[in-house]
Amino acid sequence: MWAILLSAIVAIQLLAMAKPILWEDGSDLYRYATKQVDLSQAKEDVAASSLEAIINGTATASELSIESEKTADDQSRQQLILRIDRGVGYFLIVVGILALFVRRRSLVVASLLLIVGGWCVADSFAALLNGGKAYSGLTPCSLAARSVMPFLLALLLLVLPKSASTKLENGSSVFDSLIRNRRFLNVFDIAARLALASTFLVHGYKAVQGHYPFRDLINLSARRIGLEFSTDSVLIMLKVIGYQDILLAVFVLITRSKFILYWTAIWGCVTAFSRVTALGFSGVDLWLVRSANGGLALILIALYWWFEKRGNELKLSQKVPLMTYKPL
Amino acid sequence: MKMKTTTFRLLTVSLCSIASLALADEYGDYSEIDLEKVHQRITTLSGSTPAQWRITVKGDAATSATVSWSTLEPEGEHVLYYGRKPTGGDLEKYDHKQECQRSGQYTGDSKKKKEGEKIELASYHHAALSGLEPDTTYYLTMVSNGVASREFHFRTAPAEPEQLIFIHGGDSRSGITARSRVNHMIAQMIEQNPEIWGLVHGGDYVGSGKSYSQWKAWLSQHELTTTRQNRIVPMVVAKGNHDGGQLYGEVFDFIEDGDKQVYYYNTTFGDLASIITLDTNISGTGAQEEFLKASLEKLRPKSKWLFTSYHRPLYPAVKSMPSQKEVFVPHFEKHNVDIALEADGHNIKRTVPIRDDKKDPTGIVYIGEGGLGVGQRTPKTDRWYTDSKEGAFIGKGHHVMLLTMDRDKLQIKSIMLTGDVVDEYVQKVRK
Ligand SMILES: [Fe+2]
């Protein structure tokens, strides 16, 4: 159940991530790479320091040549980067679909997912370097929930039994073998909670600061049901929402409370879905790409539920000391 | 004999003017121009020498303008001398004198580089002028701590213009060499056609708005838009997503309103045209939406041509739509904005006229998206509003857009740095 949820969310997320790459302005990594090629082609460093010298009067224009040459090489490099980015887009789709169907140990799919996860992290750092967005410096942290998903699924696919026939006593599912795998459960649980908390913390911080897109999301969504809020009340709402996000992040980190997780899941889904209520159809991919924000909490709930239920059924709780893995 | 010479002279003069008229439609190729010569025109930023001059207009273009400059040293009085007659720099002979209302040191980079690489921060000086005579050339000399600039001039717009021409562009945030070339081209275009009033900039001046050294380069390069006859081209500025931080307000003299700077405002050209400048870096709703509604209500009835100018494209050729689209577009459509000036996408774009998210001859044309230096992106060909079969235009390359309007029609030309006119579009005034 939790594993199916995990793979479904990974699939949805990867498909939604492919959309801007294939149909919009590409990934942040693409923008970063093309800009670097542009800058190196324009010899931006040399140009900037020469210009600085001219402005400061430490050199005259005639002493410094700041010329750029366009080479066919640069053009083809740009083409190559574009092709790679497109390739990544299709790759995300393929891995997303694969993620849906693999239900046993698969080194191949796991490594594909690890590559995708690495790419997600790198892309969020590229967004940080590209800048130009409010709080772009926090992108890697705000997208942590999204980035951790492929890693979690990869981890799962690495520890699953090789074939579905491996079963525990009175077990019925291939996943039952995992219930004894405390190391896996711990790593999975901690990684998921860290990422979830990080995403909520950053979103909370932005909301407290009155991040403008959030204000538009509230206003536009309210407008659909005929409500109109003053700027002040929107800012108060965002403060409340923001502090709530921060509190949720803290509780997700220090407890395994199901109540907190339900709250986090609902809130994560609501905020992600606000893209649709505010922007309509064009917000659908923005919503889906945020599936992990609520989804990760849902996965944890399902995981804890499964652990308790199957644990009891398999009478594991007595046999296996669950010192480090203990749902509250 | 004397008569003959006079006739000959007259003939030559008229021939020349005919030739220059014909030339007015042709643009030089500045893509390969020798930058050494261009950069020789940059004023050294040292001592109290006024440098990095620029003029911005946020209001009535016929009667107001803000003249700004920088000096390395902050000391002394900073005064603008100006008047309707050139004085050759004789300060006594100017009709008016305006002390700078605002001066201060530019805010430094947030991140300090290595020790010893500390950049000396220059200071800004803003002289806001009002009550100017319409349709008038003003001559001016900037004086800081007793050091005078050379004499410059600029033109106010007519009170009731029959014609208005301005250049629109955006995104000069990287590509330092290309930026110099485009600025040089703008100066050349104005020399060639002195009827051009000014430059509407769609934002993203620099890559990092908090970087003083980047603004410093931009400001000095902006001097290159000044013609060789020392005419300064006024600007209507919009804030880009890369222009965050204090410096944007310091460079373009945005005054604090309460604890916040407000970057949206109106620029008017009598009853011929108005530009509503918006800020896509803040919430589209709230105070900005109120401002937009009030501006549209006030300006639409009295303007033959109504423009909106802002950074992030609402109908983008590359990117996805921003959240402000849902806020702004219904107001634009309700009040029949004519042209929306956009930037940020790094390409050349002219959409089909759009209303209700459909092509509609009564709709709004969205143009942009910035090519004043920045590397260009490949626009998407599969979006309905940029479909060339439907009459839209998309392309890429460093460029400016030249908008020429009178009381009947508006012409938009996309002019490349190579001088090629890649798109030409004419629109009739709304009934
Ligand atoms: Fe931009």
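A few remarks follow.
- Förster-model FRET efficiency, 45 Å R0, B:Asp420 and B:Glu75, C-beta, rounded to 0.05: 0.40
- Sorted fewest first by neighbouring Cβ atoms within 10 angstrom, B:Asp90, B:Asp171 come out as B:Asp90, B:Asp171.
- Its Cα gyration tensor gives the protein assembly as shown an equivalent ellipsoid, and the semi-axes of that ellipsoid, as √(5λ) in whole Å with the largest first, are 56, 26, 26.
- Residue pairs, from the table B:Lys293/B:Lys358; B:Lys37/B:Lys216; A:Lys133/B:Lys359; B:Lys97/B:Lys304; B:Lys85/B:Lys302, whose Cα atoms sit over 25 Å apart: A:Lys133/B:Lys359; B:Lys97/B:Lys304; B:Lys85/B:Lys302
- Nearby aspartates and glutamates by direct alpha-carbon distance to B:Lys239 (threshold 17 angstrom, same-chain neighbours under 8 apart not counted): B:Asp171, B:Asp204, B:Glu250, B:Asp253, B:Glu256, B:Asp257, B:Asp279, B:Glu289, B:Glu342, B:Asp344, B:Glu369
- Inter-part distance, the stretch B:173-221 to the stretch B:247-288, computed on C-alpha centroids, equals 20 Å.
- For chain B, convex hull of alpha carbons as volume per residue, Å³: 165
- Simple spin-label estimate for A:Lys258 and A:Arg83 in nanometres, 7 Å along Cα-Cβ: 5.4
- Helices assigned as whole DSSP H runs in chain A whose Cα atoms extend at least 20 Å along their own long axis and whose mean Kyte-Doolittle hydropathy is 1.6 or higher are found at A:2-23, A:107-130, A:144-159, A:231-254.
- Per-residue Cβ neighbour counts within 10 Å put B:Asp360, B:Asp408 in the sequence B:Asp408, B:Asp360, beginning with the fewest.
- Residue exposure sequence - B:Arg228, B:Arg155 - by fewest surrounding Cβ within 10 Å: B:Arg228, B:Arg155
- For the protein assembly as shown, the 222 nm mean residue ellipticity estimated from helices alone, with every DSSP H stretch of n ≥ 4 adding -39500 (n - 2.57) and the total spread over all residues, rounds to -14500 deg cm²/dmol.
- Label-zone membership for the stretch A:274-295, site B:Trp384, 7 angstrom Cα→C-beta point, backbone N under 17 Å: A:280-284
- Considering only A:Val94, A:Val159, A:Val46, the mean-square fluctuation computed in a Gaussian network model of chain A, springs between alpha carbons under 10 angstrom, is largest for A:Val46.
No lab work stands behind these numbers, since they all come straight from the coordinates. Here the structure is a predicted model, which means the values were calculated and not measured. Backbone-built Cβ (ideal geometry, glycine too); neighbour counts: all protein chains shown.
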